[in-house]
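Remarks on the structure that follows.
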Amino acid sequence: MISRRITAVPARAEAAGPRPAILVLPGGGYARQADHEAEPVAEWLATLGIHAFVLRYRVAPDRHPAPLEDAKAAMLFIRSGSHGLAVDHKRVGVLGFSAGGHLAATLSTAAATGNRGLDVDAAVPDLSVLCYPVVSLVRDMHQGSVDNLLGELPPSDLLAALSAELNVTARTPPAFLWHTADDDAVPVGNSLDYAKALIAAGVPAELHVFPEGRHGLGLAAGEPGPGQWTSLCASWLERAGWAEPTAETARAAAAGVI
């Protein structure tokens, strides 16, 4: 049962009625899940008035489509409301880091699992937040993620099918992306290519590339440059009508900055 793999963190907001929700997918190269990219991120989303659901999806030795099946099942679970939180089922997004970003991107581009009950429109998120994501399995790829997800010598058609930048359409949801230019684990080209594909398809995209910062920063608190991503993302979510204004963005709005 997918609910056993999910931790829910309710929105902390006084606004009445159903709230948006975001599925959080931590990274870990499809070998594990990084704790600092899980519940702490959900707690941050909750402060924005967004319900957050952390998914501990299957990883190696489980192969594709296991992680994608888990992510799609989680999306359907969140929209269903059976968890007991008041979720606006028309505003359910996804946020992923590194390999979790790859999972979020393939979820967004409707990659197939072969399961008719999961390969449905409701399993596609309404927006995505991709943090130093693995996007491509054919260019600038993270070989460890490829090996853990697909094993040795996967067929070229499968690599292409799971390269999100090759499968963007006009129906792909809007995205906020951030990366560091000197990421030596997952090249910044992954984010650049996905943003380029979105823009070419007429899909709104916001991309921030910071000059410096190691891979796997998570919330990046105290990091010069990358430490700004949470406030930038919060502003993006506010403009989309998903997040409650924070004190910081309220001050910026009053000053005419945003």
**Study point:** Selection count, segment 100-135, where residues are within 15 Å of the chain's Cα centre (by Cα) and of a type outside the set (Phe, Trp, Tyr)
**Key:** 24
Study note, to complete from the structure: Considering segment 19-35, residues that are touching a Pro at 6+ places or on another chain (Cβ under 8 Å) and not hydrophobic (A, V, I, L, M, F, W, C), and then whichever is surrounded by the most Cβ atoms within 10 Å (Cβ to Cβ), we arrive at 30
Practice item. Scan the helices (runs of 4 or more DSSP H) fully inside segment 155-258 and keep the ones with 1 or more residues being among the aliphatic types (A, V, I, L, M) and modelled with pLDDT of 95 or more. Key: 156-161, 189-200, 229-239
Check your understanding: Taking the condition surrounded by 21 or more Cβ atoms within 10 Å (Cβ to Cβ), of a type outside the set (Asp, Glu) and over 15 Å from the mean Cα position of the chain (by Cα), does residue 87 pass?
Key -> yes
Check your understanding: Got at least one residue in segment 127-148 being crowded, with 21+ Cβ neighbours inside 10 Å and either without any contact (Cβ under 8 Å) to a residue 12 or more places away in the chain or closer than 19 Å to residue 77 by Cβ (or both)?
Key -> yes
Check your understanding: Out of 60, 16, which single residue is surrounded by fewer than 24 Cβ atoms within 10 Å (Cβ to Cβ), hydrophobic (A, V, I, L, M, F, W, C), in a loop (DSSP other than H, G, I, E, B) and in contact (Cβ under 8 Å) with a residue 40 or more places away in the chain?
Key -> 60
Check your understanding: Which of the residues that make up segment 90-120 are part of a loop (DSSP other than H, G, I, E, B) and surrounded by fewer than 20 Cβ atoms within 10 Å (Cβ to Cβ)?
Key -> 110, 112, 114, 115, 116, 117, 118, 119, 120
Check your understanding: Counting just the residues of segment 169-219 that are surrounded by 23 or more Cβ atoms within 10 Å (Cβ to Cβ) and of a type in the set (Val, Ile, Thr), which one comes out nearest to residue 100 (Cα to Cα)?
Key -> 186
Revision key, fill the gap. Residue pairs within 6 Å by beta carbon, gap of at least six or interchain, first lying in segment 150-167 and within 16 Å of residue 102 (Cβ to Cβ), second among the hydroxyl-bearing types (Ser, Thr, Tyr) and outside any helix (DSSP H, G or I), listed first then second, are 163/136; 164/109; 165/136; 167/109
Review point. Does segment 55-78 contain any residue that is of a type in the set (Val, Ile, Thr), touching a helix residue (DSSP H, G or I) at 6+ places or on another chain (Cβ under 7 Å) and closer than 22 Å to residue 237 by Cα?
Key: no
Review point. For segment 63-84, how many residues meet the condition of being crowded, with 23+ Cβ neighbours inside 10 Å, more than 14 Å from residue 151 (Cβ to Cβ) and of a type outside the set (D, E, K, R)?
Key: 5
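The values are calculated or read from the model by the stated rules, or taken from the named source; none is laboratory data. These figures come from a predicted structure and were not determined experimentally. When we count neighbours, we look across all protein chains shown, and the Cβ atoms used for this are built from the backbone with ideal geometry, even at glycine.
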